[in-house]
1. Count charges around residue 300 for me, please; just the other residues with Cβ under 15 Å from its Cβ, Lys/Arg as +1, Asp/Glu as -1.
2. Enumerate the amide H contacts of residue 123 below 5 Å, restricted to partners 5 or more residues apart or on another chain; note that Pro and chain-start residues carry no placed amide H.
3. At 222 nm, what helix-only mean residue ellipticity would the chain give, in deg cm²/dmol to the nearest 500, using -39500 (n - 2.57) for each DSSP H run of four or more?
4. For a quick check of understanding: with a 1.4 angstrom probe and all protein chains in place, what accessible area in square angstrom does residue 136 have, to the nearest ten?
5. Just the number, please: carbon plus sulfur as a percent of the accessible area of region 17-171, 1.4 Å probe, no ligands or DNA/RNA counted.
6. Can you compute the modelled spin-label distance between residue 186 and residue 281, with each label point 7 Å from Cα toward Cβ, in nm?
7. Alpha carbons only, please: Rg and Dmax for region 178-281, in angstrom.
8. Please compute the contact order of region 1-131 in relative form: average sequence separation of alpha-carbon pairs under 8 Å and at least six residues apart, divided by the residue count, as a percent.
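The values are calculated or read from the model by the stated rules, or taken from the named source; none is laboratory data. Since the structure is predicted, the reported quantities are computational estimates derived from the model, not experimental observations. Backbone-built Cβ (ideal geometry, glycine too); neighbour counts: all protein chains shown. Heavy atoms of the whole protein, side chains included, go into the accessibility calculation; ligands, DNA and RNA do not. Shrake-Rupley method; radii C 1.70, N 1.55, O 1.52, S 1.80 Å.
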Amino acid sequence: MELEVRHLRALCAIADTGSLHKAARRLGTSQPSLTTQLRRIEQALGAELFTRERTGCRPTPLGHAVLSRARPLVTQLERLVSDTRAAAAHADGVARLRIGSTASRVLAGWLRRLRGRLPGTDITLQMDVSAGALLRGLAAGRLDVAFVHEVEGCPLRVPEGLERRVLVEREPQFISLPRDHPAAAAPVVDLADLAGDRWMVDPTVDGEWDGLRRVLWAAGIDPPVLHGDYHTAASLIVAGETVAPCQPTSGPRDDMAIRPLRDDPLAVRLLLYHRPGTETDAVYAELAAAYREAALGTATYRQWLLRHGSPLLPAA
(Lines give C-alpha, C1' and ligand atoms only; values in the text may rest on other atoms or scores of the structure.)
Protein backbone atom coordinates (compact mmCIF):
# COMPACT_ATOMS: atom_id res chain seq x y z
CA MET A 1 0.00 0.00 0.00
CA GLU A 2 1.28 3.46 -0.90
CA LEU A 3 0.74 6.27 1.54
CA GLU A 4 -1.66 9.00 0.42
CA VAL A 5 -2.52 12.39 1.87
CA ARG A 6 -5.71 10.97 3.39
CA HIS A 7 -3.57 8.53 5.37
CA LEU A 8 -1.41 11.36 6.69
CA ARG A 9 -4.53 13.34 7.55
CA ALA A 10 -5.85 10.34 9.52
CA LEU A 11 -2.60 10.08 11.48
CA CYS A 12 -2.74 13.78 12.35
CA ALA A 13 -6.37 13.48 13.47
CA ILE A 14 -5.57 10.54 15.75
CA ALA A 15 -2.64 12.42 17.28
CA ASP A 16 -4.64 15.65 17.70
CA THR A 17 -7.63 14.02 19.38
CA GLY A 18 -5.79 11.26 21.25
CA SER A 19 -8.58 8.85 20.40
CA LEU A 20 -9.62 6.69 17.47
CA HIS A 21 -13.28 7.40 18.29
CA LYS A 22 -12.82 11.18 18.30
CA ALA A 23 -10.61 11.08 15.21
CA ALA A 24 -13.20 9.02 13.34
CA ARG A 25 -15.91 11.58 14.16
CA ARG A 26 -13.69 14.41 12.95
CA LEU A 27 -12.92 12.59 9.69
CA GLY A 28 -16.52 11.58 9.11
CA THR A 29 -15.86 7.86 9.20
CA SER A 30 -16.49 4.97 11.60
CA GLN A 31 -14.10 3.91 14.33
CA PRO A 32 -13.71 0.34 12.96
CA SER A 33 -12.88 1.75 9.52
CA LEU A 34 -10.26 4.12 10.96
CA THR A 35 -8.80 1.34 13.11
CA THR A 36 -8.41 -0.83 10.00
CA GLN A 37 -6.86 2.06 8.10
CA LEU A 38 -4.33 2.70 10.89
CA ARG A 39 -3.41 -0.97 10.97
CA ARG A 40 -2.76 -0.93 7.21
CA ILE A 41 -0.66 2.24 7.49
CA GLU A 42 1.45 0.67 10.23
CA GLN A 43 1.83 -2.52 8.20
CA ALA A 44 2.95 -0.49 5.18
CA LEU A 45 5.56 1.33 7.27
CA GLY A 46 6.56 -1.77 9.19
CA ALA A 47 6.21 -0.22 12.65
CA GLU A 48 3.68 0.77 15.29
CA LEU A 49 2.90 4.49 15.24
CA PHE A 50 0.55 4.66 18.21
CA THR A 51 0.25 2.84 21.50
CA ARG A 52 -3.34 1.91 22.32
CA GLU A 53 -4.24 2.49 25.94
CA ARG A 54 -7.45 2.45 27.93
CA THR A 55 -7.49 6.24 27.93
CA GLY A 56 -6.74 6.65 24.20
CA CYS A 57 -3.87 6.62 21.72
CA ARG A 58 -0.40 8.11 22.09
CA PRO A 59 2.22 8.39 19.34
CA THR A 60 5.26 6.16 19.71
CA PRO A 61 8.70 7.76 19.24
CA LEU A 62 8.57 6.68 15.60
CA GLY A 63 5.01 8.01 15.39
CA HIS A 64 6.23 11.42 16.55
CA ALA A 65 8.89 11.36 13.84
CA VAL A 66 6.34 10.48 11.14
CA LEU A 67 3.92 13.15 12.37
CA SER A 68 6.62 15.83 12.36
CA ARG A 69 6.98 15.31 8.61
CA ALA A 70 3.34 14.53 7.85
CA ARG A 71 1.86 17.69 9.34
CA PRO A 72 3.69 20.15 7.05
CA LEU A 73 2.68 18.09 4.01
CA VAL A 74 -0.99 18.06 5.03
CA THR A 75 -0.91 21.78 5.83
CA GLN A 76 0.79 22.67 2.55
CA LEU A 77 -1.73 20.68 0.52
CA GLU A 78 -4.65 22.28 2.36
CA ARG A 79 -3.14 25.69 1.76
CA LEU A 80 -2.69 24.87 -1.93
CA VAL A 81 -6.34 23.88 -2.26
CA SER A 82 -7.52 26.91 -0.26
CA ASP A 83 -5.39 29.39 -2.21
CA THR A 84 -6.47 27.89 -5.53
CA ARG A 85 -10.14 28.13 -4.59
CA ALA A 86 -9.65 31.71 -3.40
CA ALA A 87 -7.97 32.61 -6.67
CA ALA A 88 -10.79 30.99 -8.63
CA ALA A 89 -13.36 32.89 -6.57
CA HIS A 90 -11.55 36.15 -7.22
CA ALA A 91 -11.37 35.36 -10.93
CA ASP A 92 -15.09 34.70 -11.27
CA GLY A 93 -15.93 37.80 -9.20
CA VAL A 94 -17.95 35.93 -6.58
CA ALA A 95 -17.40 37.04 -2.97
CA ARG A 96 -17.20 34.15 -0.54
CA LEU A 97 -17.44 33.86 3.22
CA ARG A 98 -16.50 30.51 4.74
CA ILE A 99 -17.74 30.23 8.33
CA GLY A 100 -16.77 27.57 10.81
CA SER A 101 -18.70 27.12 14.04
CA THR A 102 -19.27 24.88 16.98
CA ALA A 103 -22.92 24.25 17.82
CA SER A 104 -24.83 27.41 18.71
CA ARG A 105 -28.45 28.52 18.87
CA VAL A 106 -27.53 31.82 17.23
CA LEU A 107 -26.37 30.35 13.91
CA ALA A 108 -29.70 30.58 12.08
CA GLY A 109 -30.15 34.24 12.96
CA TRP A 110 -26.52 35.03 12.17
CA LEU A 111 -26.70 33.47 8.71
CA ARG A 112 -30.01 35.19 7.98
CA ARG A 113 -28.54 38.57 8.90
CA LEU A 114 -25.36 38.01 6.92
CA ARG A 115 -27.29 37.09 3.77
CA GLY A 116 -29.24 40.32 4.12
CA ARG A 117 -26.16 42.45 4.76
CA LEU A 118 -23.90 40.77 2.18
CA PRO A 119 -26.14 40.10 -0.84
CA GLY A 120 -24.43 38.17 -3.59
CA THR A 121 -21.87 36.66 -1.21
CA ASP A 122 -21.52 32.88 -1.30
CA ILE A 123 -21.76 32.04 2.42
CA THR A 124 -20.91 28.51 3.53
CA LEU A 125 -21.00 26.95 6.99
CA GLN A 126 -18.84 24.16 8.39
CA MET A 127 -19.91 22.70 11.73
CA ASP A 128 -17.62 20.76 14.05
CA VAL A 129 -17.87 19.68 17.69
CA SER A 130 -14.18 20.51 18.06
CA ALA A 131 -13.19 24.17 18.31
CA GLY A 132 -9.58 23.09 17.87
CA ALA A 133 -10.35 21.45 14.53
CA LEU A 134 -12.06 24.61 13.30
CA LEU A 135 -9.14 26.79 14.39
CA ARG A 136 -6.69 24.52 12.57
CA GLY A 137 -8.89 24.77 9.47
CA LEU A 138 -8.89 28.55 9.82
CA ALA A 139 -5.10 28.66 10.13
CA ALA A 140 -4.79 26.42 7.06
CA GLY A 141 -6.95 28.79 5.00
CA ARG A 142 -9.99 26.53 4.68
CA LEU A 143 -12.15 29.00 6.64
CA ASP A 144 -12.41 32.79 6.81
CA VAL A 145 -13.77 33.02 10.37
CA ALA A 146 -14.44 30.57 13.18
CA PHE A 147 -17.06 31.10 15.89
CA VAL A 148 -16.16 28.87 18.82
CA HIS A 149 -16.66 28.50 22.54
CA GLU A 150 -13.94 27.98 25.12
CA VAL A 151 -14.89 26.09 28.26
CA GLU A 152 -13.88 27.97 31.40
CA GLY A 153 -10.72 26.47 32.88
CA CYS A 154 -9.87 24.61 29.66
CA PRO A 155 -8.01 26.98 27.30
CA LEU A 156 -8.13 26.21 23.60
CA ARG A 157 -4.97 25.38 21.69
CA VAL A 158 -4.90 28.23 19.20
CA PRO A 159 -2.61 28.04 16.14
CA GLU A 160 -0.03 30.77 16.01
CA GLY A 161 -0.98 33.94 14.17
CA LEU A 162 -4.76 33.84 14.59
CA GLU A 163 -6.58 36.86 15.99
CA ARG A 164 -9.83 36.93 17.94
CA ARG A 165 -12.73 39.09 18.96
CA VAL A 166 -14.60 38.31 22.18
CA LEU A 167 -18.36 38.10 21.76
CA VAL A 168 -19.23 37.10 25.34
CA GLU A 169 -16.61 37.01 28.08
CA ARG A 170 -18.55 34.60 30.30
CA GLU A 171 -21.73 32.87 29.20
CA PRO A 172 -23.31 30.72 31.94
CA GLN A 173 -24.27 27.18 31.05
CA PHE A 174 -27.74 26.12 32.18
CA ILE A 175 -28.99 22.62 32.93
CA SER A 176 -31.54 20.56 31.00
CA LEU A 177 -33.58 18.20 33.13
CA PRO A 178 -36.82 16.24 32.92
CA ARG A 179 -39.94 18.38 33.22
CA ASP A 180 -41.10 16.41 36.29
CA HIS A 181 -37.71 16.51 38.06
CA PRO A 182 -38.18 17.85 41.63
CA ALA A 183 -35.47 20.47 41.06
CA ALA A 184 -37.37 21.86 38.05
CA ALA A 185 -39.95 23.38 40.39
CA ALA A 186 -37.44 26.07 41.41
CA PRO A 187 -36.30 28.92 39.13
CA VAL A 188 -32.64 28.18 39.97
CA VAL A 189 -31.15 24.73 40.51
CA ASP A 190 -28.50 23.79 43.09
CA LEU A 191 -25.87 21.27 42.03
CA ALA A 192 -26.59 19.37 45.24
CA ASP A 193 -30.13 18.75 44.00
CA LEU A 194 -28.66 16.83 41.04
CA ALA A 195 -26.18 14.71 43.01
CA GLY A 196 -28.26 11.58 42.55
CA ASP A 197 -28.83 12.03 38.81
CA ARG A 198 -26.95 10.60 35.86
CA TRP A 199 -25.23 13.33 33.89
CA MET A 200 -24.51 13.27 30.18
CA VAL A 201 -21.64 15.00 28.42
CA ASP A 202 -20.12 14.90 24.94
CA PRO A 203 -16.39 14.18 25.46
CA THR A 204 -15.60 15.02 21.83
CA VAL A 205 -16.36 18.71 22.51
CA ASP A 206 -13.07 20.36 23.46
CA GLY A 207 -12.89 20.91 27.22
CA GLU A 208 -16.47 19.83 27.88
CA TRP A 209 -15.82 16.78 30.04
CA ASP A 210 -12.84 18.30 31.85
CA GLY A 211 -14.80 21.46 32.63
CA LEU A 212 -17.82 19.58 33.95
CA ARG A 213 -15.69 17.17 35.99
CA ARG A 214 -13.86 20.09 37.62
CA VAL A 215 -17.14 21.74 38.64
CA LEU A 216 -18.67 18.51 39.97
CA TRP A 217 -15.60 17.66 42.00
CA ALA A 218 -15.44 21.20 43.42
CA ALA A 219 -19.03 20.73 44.59
CA GLY A 220 -18.20 17.38 46.16
CA ILE A 221 -20.40 15.52 43.70
CA ASP A 222 -19.40 12.33 41.89
CA PRO A 223 -22.47 11.28 39.87
CA PRO A 224 -22.53 8.58 37.19
CA VAL A 225 -21.73 10.13 33.80
CA LEU A 226 -22.85 8.98 30.37
CA HIS A 227 -20.81 9.93 27.31
CA GLY A 228 -22.66 10.73 24.11
CA ASP A 229 -23.74 13.50 21.79
CA TYR A 230 -26.26 16.10 22.90
CA HIS A 231 -28.88 15.08 20.34
CA THR A 232 -29.05 11.71 22.08
CA ALA A 233 -28.98 13.46 25.45
CA ALA A 234 -32.20 15.33 24.65
CA SER A 235 -34.21 12.13 24.22
CA LEU A 236 -32.71 10.62 27.38
CA ILE A 237 -33.47 13.76 29.39
CA VAL A 238 -37.11 13.70 28.27
CA ALA A 239 -37.27 10.03 29.29
CA GLY A 240 -35.99 10.91 32.76
CA GLU A 241 -32.70 9.06 32.29
CA THR A 242 -30.22 11.91 32.63
CA VAL A 243 -29.51 15.63 33.01
CA ALA A 244 -27.04 17.64 30.93
CA PRO A 245 -25.51 21.11 30.57
CA CYS A 246 -26.97 23.28 27.83
CA GLN A 247 -26.62 26.72 26.27
CA PRO A 248 -28.66 29.44 27.98
CA THR A 249 -30.16 30.35 24.60
CA SER A 250 -31.74 26.88 24.36
CA GLY A 251 -35.38 27.42 23.52
CA PRO A 252 -38.26 26.39 25.80
CA ARG A 253 -39.68 22.88 25.39
CA ASP A 254 -42.90 21.42 26.71
CA ASP A 255 -41.20 18.12 27.57
CA MET A 256 -38.03 19.47 29.18
CA ALA A 257 -37.06 22.04 31.83
CA ILE A 258 -34.10 24.40 31.36
CA ARG A 259 -32.83 26.15 34.46
CA PRO A 260 -29.80 28.20 35.49
CA LEU A 261 -27.44 26.73 38.09
CA ARG A 262 -26.96 28.62 41.32
CA ASP A 263 -23.81 30.77 41.24
CA ASP A 264 -23.24 29.79 37.59
CA PRO A 265 -20.35 27.35 38.13
CA LEU A 266 -20.28 26.26 34.47
CA ALA A 267 -19.41 28.85 31.83
CA VAL A 268 -17.85 29.33 28.41
CA ARG A 269 -16.32 32.24 26.51
CA LEU A 270 -17.68 32.94 23.01
CA LEU A 271 -15.00 33.93 20.50
CA LEU A 272 -14.74 34.85 16.81
CA TYR A 273 -11.34 33.98 15.35
CA HIS A 274 -9.85 35.13 12.05
CA ARG A 275 -6.52 35.46 10.28
CA PRO A 276 -4.67 38.81 10.34
CA GLY A 277 -5.97 41.24 7.75
CA THR A 278 -9.42 39.65 7.48
CA GLU A 279 -12.21 42.24 7.62
CA THR A 280 -14.61 41.10 10.33
CA ASP A 281 -16.59 44.21 11.30
CA ALA A 282 -19.75 43.23 9.43
CA VAL A 283 -19.46 39.56 10.39
CA TYR A 284 -18.96 40.39 14.06
CA ALA A 285 -21.73 43.01 14.13
CA GLU A 286 -24.29 40.58 12.72
CA LEU A 287 -23.13 37.85 15.09
CA ALA A 288 -23.56 40.21 18.05
CA ALA A 289 -27.04 41.20 16.84
CA ALA A 290 -28.04 37.55 16.35
CA TYR A 291 -26.79 36.68 19.83
CA ARG A 292 -28.71 39.55 21.38
CA GLU A 293 -31.84 38.46 19.55
CA ALA A 294 -31.48 34.86 20.71
CA ALA A 295 -30.71 35.87 24.30
CA LEU A 296 -33.64 38.23 24.67
CA GLY A 297 -35.93 35.78 22.88
CA THR A 298 -35.33 33.04 25.46
CA ALA A 299 -37.38 33.71 28.59
CA THR A 300 -35.14 31.89 31.08
CA TYR A 301 -31.97 33.56 29.81
CA ARG A 302 -33.65 36.96 29.54
CA GLN A 303 -34.65 36.71 33.20
CA TRP A 304 -31.10 35.71 34.13
CA LEU A 305 -29.74 38.73 32.25
CA LEU A 306 -32.16 41.07 34.00
CA ARG A 307 -31.17 39.71 37.41
CA HIS A 308 -27.50 40.21 36.58
CA GLY A 309 -27.80 43.62 34.98
CA SER A 310 -27.46 42.26 31.43
CA PRO A 311 -23.65 41.99 31.45
CA LEU A 312 -23.63 39.36 28.73
CA LEU A 313 -25.52 41.27 26.09
CA PRO A 314 -23.03 42.44 23.42
CA ALA A 315 -22.74 46.14 22.83
CA ALA A 316 -24.37 47.45 19.69
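1. Details: positive: 105, 179, 253, 259, 262, 302, 307; negative: 171, 254, 264.
Result for the local shell: +4.
2. 97
3. -13500 deg cm²/dmol
4. Accessible area of residue 136: about 80 Å².
5. Solvent-exposed carbon and sulfur of region 17-171 make up 52 percent of the total.
6. Inter-label distance under the simple model: 4.8 nm.
7. 15.6, 52
8. 21
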